[in-house]
Structures are given as C-alpha cells and as structure tokens.
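Some notes on the structure that comes next.
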Amino acid sequence: MSDGTQVSGSQEAVVDVLAPRQVLGHEVLVEGRIFDLVRDEVDLDHTVVHREYVDHPGAVAVIVLDEDDRVLLLKQYRHPVRRELWEPPAGLLDVAGEPAQVGAARELAEEADLVASTWHTLVDYYTTPGGNNEALRVFLARDLSPVPDDQRHVREDEERDIELRWVSLDDAAAAVLRGDVHNPSAVVGVLAAITSRAGGWTSLRPADAPWPERRQQA
C-alpha cells in the first residue's frame, strides 16, 4: 500500500555521515571520574545554539556464544535506573590507544572468566546521540575457554555480585521483544546476532574493522 510519496530510484544509500558544525565555544561544566558534562556553542548556519552533553570515552560489549548457540548474560545492578539488568560483558574504552577488541577481551576475562579465540565485529551504535557522544562496538566472541584459576580477576563493587547465565539466543531475543531485557547492548547485540545468524553470519566484520565513530583520545 502506497502513501503517495514519490521515491526516486537514484536515492543515496542510508549511511550516517560525518558532518560537523562549527563549535564557537566549549565549556566543561562538570568534570567526572569517567566522563564530563560539557556545553558547546554551535553554529548551525541559520542559528547559533547551546548544547549540553556527556563527553564519554566510548565502550565495548561482547555477545558471547557457545557451541549450542547460547548467549552469556550477566545480571548486574545499575544504580541510575535502580535495577538489576541482564546484559552482555561490557566495559569502558578508557585506555588511550588500546584496540577495542583488546579492551573487549579484557572485559570478557574479568567479568566472565572466559577467553575467546574467535572474534568478529557484530554491530556499532551510539547509545544516546541526543545527550552524549558514547560510541559502542558490540563484538561476537566464540570458541571459548576458561581463564586459569590463578589468573582470574577479583570482582569488586557492583561486579562483585554478578550472576552469570547461559540463555539460548532465541530465548534471549524473545525476552528483548517482550520488554523483559532493557540493557541497550543486550537489545542491540542479541537482535543483531539473531539477524546475522539468519543470514549465515555473512554480515560479520573483522574484529579490527574501521570504527571512525570512536572518540579519539589524547
């Protein structure tokens, strides 16, 4: 059924593009331990506006699949939303110059006591582009082995009470669509994995695929 809108056969592909506007002023309002709240004065050509946002180092998440197509989810307390959320292993990219896959492997070892020998880029996204510049890459990790007991990370704070559970990928996707799972990396990563699997995993990119959206750190 058509709504009468004319669609040109020569339309450009749907691809996000880099198109920065001139920043006339930049101010750090609150300097935090991990990220800052900043204000920019931005020239939009037709008007000048002020925009406040969180300046974030970026992050990675890992959709971990075992040989039975079960995905590993962790239940962890997230204070801003006052909830325990089911989510994939994830962490900040707060080491300057560190490859994203290296950071993801570290998070997998620290949070789940696992090492993966096969890594791919599954999907990239901005978590909240209207309010912060956090870019997040979700990896697919397979071919798993345990971290040796004497090399395991001692989990602290919120991570101390992490609960690990293996869930079939289909059941995880159903939980997302029922509205039972809300962590953004779980939602995006699980649905991306379901879609990629349906296509024979042909959409997977190399673990070191270009990622120009990642914030450049000094």
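The values are calculated or read from the model by the stated rules, or taken from the named source; none is laboratory data. Treat the numbers as computed from the prediction; the structure is a model and nothing was measured. Note that we place each Cβ from the backbone using ideal geometry, even for glycine, and neighbour counts take in every protein chain shown. What goes into the accessible areas is simple: the full protein's heavy atoms, side chains included, and nothing from ligands, DNA or RNA. Shrake-Rupley method; radii C 1.70, N 1.55, O 1.52, S 1.80 Å.
Run the 1.4 Å probe and let me know the accessible area of residue 185, rounded to the nearest 10 Å².
About 10 Å², rounded to the nearest 10.
Roll a 1.4 Å probe over the protein heavy atoms and report the accessible area of residue 163 in Å², nearest 10.
In the full protein context, residue 163 sits at about 60 Å².
With angles folded into 0 to 90 degrees, how steeply does helix 100-112 sit against the dominant principal axis of the chain? Use alpha carbons for both and round to 10.
Once rounded, one gets 40 degrees.
Hey, can you grab everything whose amide H is under 5 Å from the amide H of residue 21? Only 5+ residues off in sequence or another chain; H modelled, so Pro and N-termini drop out.
Excluding prolines and chain starts, which carry no amide H, there are no hits.
Working with all protein chains in place, sort 77, 125 by solvent-accessible area computed with a 1.4 Å probe, largest first.
77, 125
So what does residue 170 come to for accessible area, using a 1.4 Å probe and Å² rounded to 10?
Accessible area of residue 170: about 90 Å².
Using +1 at the C-beta of Lys and Arg and -1 at the C-beta of Asp and Glu, which of 121, 96, 76 has the Cα lying farthest in the positive direction of the dipole of the chain?
With unit charges placed on the Cβ atoms, the residue in question is 121.
Per-residue HN-Hα couplings for region 48-65, Karplus 6.51 cos²θ - 1.76 cosθ + 1.60 at θ = phi - 60°, whole Hz, x for Gly and Pro?
Listing the rounded values in order: 10, 10, 10, 10, 9, 7, 8, 8, 10, x, x, 7, 10, 9, 10, 7, 9, 10 Hz.
Count the net charge of all other residues whose Cβ sits under 13 Å from the Cβ of residue 176, scoring Lys and Arg as +1 and Asp and Glu as -1.
Here the count lands on -3.
Nearest 10 degrees, 0 to 90: what angle lies between the long axis of helix 169-178 and the longest principal axis of the chain (Cα atoms)?
50 degrees
Amide H of residue 135: which non-local residues (sequence gap of 5 or more, or other chain) have their own amide H closer than 5 Å, using H built in the peptide plane?
58, 59, 215
How much of the accessible area of the chain, probe 1.4 Å, is carbon plus sulfur, in whole percent?
50 percent
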